[in-house]
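**Student:** My questions will all concern the structure given below.
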Amino acid sequence: MLQEPETESFSGREHQSQGWIEIICGSMFSGKTEELIRRLNRAIIARQKVEIFKPAIDNRYHEEFVVSHNANEIRSTPVQFASDILLLIGNCQVVAIDEAQFFDQDLISVAQKIANMGKRVIVAGLDMDYLGKPFAPMNDLIAIAEFVTKMHAICMQCGSLASYSFRLDNSDDHVMLGEKDIYEARCRKCFNEGMELRKKEKN
């Protein structure tokens, strides 16, 4: 069961001054954005002021909306650089950032500064790249966050628990936008088997 930070335990002035960082991480198709939208909707129902940001590069579904694979959506502000977020948060109480792996390293200090202002920061993104290695800046954000939720998908090869994003083509580009036409969620075993097969094909 997902454990959401117990924000309801804070009350009044204490809640307003208590800033922190929450991370929602995992592979592709694990429900990260779905979980982000769920938390934001709860904050909105509680009449909290919310601002949502996403990298301008990610326009797979919509230029302005954050959209999950299940087609749930919420309006967001696309930005080029992490530092732009500081200029746009205004007097909101909750700041959400989706697809954090596509931002520059400044996102780490940006998230810290926002949390230090007493705001709740929710960050969602891939924790590993297509090679199965830590995906910056998510790896550093995970280290400094108060709360980390690891989401899992279902392996598209064997049906086991999946935590890896396997790229189906042979491109070596570190960042490549795509969906099920380019990526599969895979368990450790099926991911490693796929990587070994790719090495043999390249040789």
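What follows draws every value from the coordinates through simple rules; no lab data is involved. The structure displayed is predicted, hence computed values, not measured ones. Cβ sites come from the backbone with ideal geometry, for glycine too, and all protein chains shown count toward neighbours.
**Student:** Charges only on Cβ, +1 for Lys and Arg, -1 for Asp and Glu: so what's the dipole of the range 97-201 about the Cα centre, in debye to the nearest 20?
**Tutor:** Using Cβ point charges on Lys, Arg, Asp and Glu, the range 97-201 gives about 420 debye.
**Student:** Can you tell me which lysines have their Cα less than 29 Å from the Cα of K54? Leave out same-chain residues fewer than eight positions away.
**Tutor:** Within reach: K32, K113, K119, K133, K150, K180.
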